[in-house]
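In what follows, a single structure is set out as structure tokens and then discussed.
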Amino acid sequence: MSHPIPLVPFEERAHKALADERLQQALKVATTKFIVHRQEALSLLPDADGLRQRGRAIRERTIAHLDECLIQLESAVQANGGHVHWAQDEVEACRIIVGLLQERQARLVVKSKSMATEEIGLNHALQAAAIEAVETDLGEWIVQLAGETPSHIVAPAVHKTKEQVAELFEKQVGRPVGTDIPALTKIARAQLREKFLAADAAISGVNFAIAETGTLVLVTNEGNGRLASSLPRTHIAVMGLEKVIPTWDDLPALLTLLTRSATGQIITSYVTCVTGPRRPGEADGPEELHLVILDNGRTRILENEYRESLYCIRCGACANACPVYLKIGGHAYGGVYSGPIGAVLTPLLQGMEHFGALPHASSLCGACKDACPVRIDLPRMLLALRAQEVEDKRPPVWERLLFRLYAWGTSHPVIYRLGARLGGLLAWPFARNGWMGRLPVPIVSRWTTKRDFPAPAARPFHARWAEIEREAVPPPSKDESR
Ligand code: SF4
């Protein structure tokens, strides 16, 4: 079962989030920290813009040669002693993973953070197969204890205050725990360490997969990726097929951009590179390594105008910069991916019919594009999705008539001038300081339930321009006037 389709419409979810004071408080604290740290970390780079250009060029090149990169990756992983599985969709991916675990009679699985496994609804599939799955990323563990889903790409529990986390931990350990963050972290560490030692298998995501060597790169702050990939006997890594990069030389630029854009760190605490299972003589590592490469709609995106969304390195910087995300948080988006990239990816992966409202959750201010380390043009894609939604929905007759009338009027100068003067006159009683707080005509008044409408100017631009031109003409000289 994939990530569930929300039953409540987006508008309602957003209103609920706006009214949640604790959420507003948690979002403000966490995202302000991310924004400041990101700016500081990028300012320390000698040529941040150059690095971002290089990052984008790598992603462009990779996606342009995705088929070759993936085939090379498959061969390299196999040559290292690993196994590669291709999953067309979430059903196939879950079937492969559950099958691998059942064959090995696994009962307990530790999971290192993976948005791809959220996307395929893996935890539900594991539960249905009576396999216990424990999230080991601190934020993921918090949301698992709360019975929720992640609300941010890199900080899954960003919506929780420390008081809420303490409540969850109290329930888990059966005693008061207080709100001291290091003490809370110690509790998580003690609980999760036991699970690592007892686990039959581990499931992780993949931040980057290097095609030339078959190396899987896991980036974590808690070291859970390293424990997951070295302690249990079986390691299953799940990646969206766009996570491949061609060579080792491409890694430093992307890693530098990822960590600085995500959390503002110069480098993440643990960067784990897994090249095959344990070899003879090695002290640790899994006996078996399986890589599940997930399509789930990505090859469809590859062929259309949203291809650029596959350049994403999942840093979450666009969400931290987005004024809409900062007010409503990730759960209001209803899908796995939130923020501006979620507003593009979720409708593409899970269908416009369920998530067609998301591209409208943007002021189109462009802050997401500015923040994106690989300069993905999110506003362009949000607009294209809006256009697609309008086309798919076919607007009501009155709307089509209105726009036809408008098009006709604006292409006939006399009608346009008359309309502009008439508009200014009619709007005058309702306008205050150049804005109308409410449109008086019922059919269009919904526009002003959430925003003001710019009032037509009392004197239209073309009339003022004509006047300026008249004034600018120098008076005829005496010679000319003779
Ligand atoms: S779209 Fe850009 S900013 Fe947003 S998560 Fe992806 S890489 Fe980061």
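The values are calculated or read from the model by the stated rules, or taken from the named source; none is laboratory data. Keep in mind the model is a prediction, meaning the values are calculated, not measured. Cβ coordinates were reconstructed from backbone atoms using ideal geometry, including for glycine residues, and neighbour counts include every protein chain displayed.
Pull out all pairs, ordered by first then second residue, where Cβ-Cβ is under 9 Å, the residues are six or more apart or on different chains, the first lies in segment 1-13 and is farther than 15 Å from Gly330 by Cα and outside the structural domain of Ala93 (by TED's automatic domain parsing), and the second is surrounded by fewer than 13 Cβ atoms within 10 Å (Cβ to Cβ) and modelled with pLDDT of 75 or more. Within 9 Å, the pairs are Met1/Ala128. Only residues that are over 15 Å from the mean Cα position of the chain (by Cα) and either within 16 Å of the ligand (Cβ to nearest atom) or part of a loop (DSSP other than H, G, I, E, B) (or both) were counted in segment 350-365, giving 6.
Checking each residue in segment 37-96 for being polar (S, T, N, Q), modelled with pLDDT of 95 or more and more than 30 Å from Leu126 (Cα to Cα) picks out Gln53, Thr62, Gln72.
So which strands (runs of 3 or more DSSP E) stay within segment 143-231 end to end and still have 2 or more residues that are under 30 Å from Thr32 (Cα atoms), in contact (Cβ under 8 Å) with a residue 12 or more places away in the chain and touching a Ser or Thr at 6+ places or on another chain (Cβ under 6 Å)?
Working: elements: 201-204, 208-210, 215-220.
By residue number, 215-220.
Candidates are the residues of segment 350-360 that are surrounded by fewer than 23 Cβ atoms within 10 Å (Cβ to Cβ) and aliphatic (A, V, I, L, M); the one that is farthest from Ser43 (Cα to Cα) is Met352.
How many of the residues in segment 256-301 are among the hydrophobic types (A, V, I, L, M, F, W, C), at pLDDT below 95 and farther than 27 Å from Gly81 by Cβ? Matching residues across segment 256-301 total 3. Consider segment 366-395 and keep the residues that are modelled with pLDDT of 95 or more and among the β-branched types (Val, Ile, Thr). The one that is nearest to the chain's Cα centre (by Cα) is Ile376. Ser363 falls short of the stated requirement of being outside the structural domain of Ala87 (by TED's automatic domain parsing), hydroxyl-bearing (Ser, Thr, Tyr) and either surrounded by 21 or more Cβ atoms within 10 Å (Cβ to Cβ) or under 25 Å from Gly205 (Cα atoms) (or both).
Identify all residues within segment 109-133 that are out of contact with any Cys (no Cβ under 7 Å at 6 or more places or on another chain), buried (at least 24 other Cβ atoms within 10 Å of the Cβ) and either part of a loop (DSSP other than H, G, I, E, B) or not assigned by TED's automatic domain parsing to the domain that holds Ala202 (or both); write none if there are none. Within segment 109-133, Ser112, Lys113, Ser114 qualify.
Can you find a residue that is more than 24 Å from Val158 (Cα to Cα) and either in a helix (DSSP H, G or I) or of a type in the set (Asp, Glu) (or both) anywhere in segment 333-342? No; the residues of segment 333-342 include none that is more than 24 Å from Val158 (Cα to Cα) and either in a helix (DSSP H, G or I) or of a type in the set (Asp, Glu) (or both).
Is at least one residue of segment 100-108 in contact with a Phe, Trp or Tyr (Cβ under 9 Å, 6 or more places away or on another chain) and either farther than 16 Å from Asn224 by Cα or in a strand (DSSP E or B) (or both)?
The first filter runs over segment 100-108 and keeps only residues in contact with a Phe, Trp or Tyr (Cβ under 9 Å, 6 or more places away or on another chain), leaving none.
For segment 100-108, residues in contact with a Phe, Trp or Tyr (Cβ under 9 Å, 6 or more places away or on another chain) and either farther than 16 Å from Asn224 by Cα or in a strand (DSSP E or B) (or both): absent.
Per-residue answers, yes or no, for (1) within 16 Å of the ligand (Cβ to nearest atom); (2) in contact with a strand residue (DSSP E or B) (Cβ under 6 Å, 6 or more places away or on another chain); (3) under 19 Å from Ser114 (Cα atoms); (4) acidic (Asp, Glu):
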| residue | (1), (2), (3), (4) |
| --- | --- |
| Glu222 | no, no, yes, yes |
| Thr234 | no, yes, yes, no |
| Thr247 | no, no, no, no |
| Asp250 | yes, no, no, yes |
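When Gly434 is tested against (1) more than 16 Å from the ligand (Cβ to nearest atom); (2) within 30 Å of Ala48 (Cα to Cα), only condition (2) is not met.
When the residues of segment 134-160 are filtered to those that are of a type in the set (A, V, I, L, M) and surrounded by fewer than 20 Cβ atoms within 10 Å (Cβ to Cβ), the one that is nearest to the ligand (Cβ to nearest atom) is Ala146.
Kindly provide the set of residues from segment 296-309 that are within 25 Å of Pro156 (Cα to Cα) and more than 10 Å from the ligand (Cβ to nearest atom), ordered by number.
The first filter runs over segment 296-309 and keeps only residues within 25 Å of Pro156 (Cα to Cα), leaving 296-298, 308-309.
Scanning segment 296-309 gives Asn296, Gly297, Arg298.
From the residues in segment 233-253 that are in contact with a helix residue (DSSP H, G or I) (Cβ under 6 Å, 6 or more places away or on another chain) and not in a strand (DSSP E or B), which one is farthest from Gln72 (Cα to Cα)? Step by step, filter segment 233-253, then rank; the result is Ala253.
Does Arg59 qualify as being closer than 30 Å to His159 by Cβ, under 21 Å from the mean Cα position of the chain (by Cα), assigned to a helix (DSSP H, G or I) and assigned by TED's automatic domain parsing to the domain that holds Leu254? Outline the logic, then answer.
Values: closer than 30 Å to His159 by Cβ: yes; under 21 Å from the mean Cα position of the chain (by Cα): yes; assigned to a helix (DSSP H, G or I): yes; assigned by TED's automatic domain parsing to the domain that holds Leu254: yes.
Yes, satisfied.
Out of all the residues in segment 448-462, is one or more within 25 Å of Leu401 (Cα to Cα), aliphatic (A, V, I, L, M), modelled with pLDDT of 85 or more and touching a strand residue (DSSP E or B) at 6+ places or on another chain (Cβ under 6 Å)? Checked segment 448-462: at least one residue is within 25 Å of Leu401 (Cα to Cα), aliphatic (A, V, I, L, M), modelled with pLDDT of 85 or more and touching a strand residue (DSSP E or B) at 6+ places or on another chain (Cβ under 6 Å).
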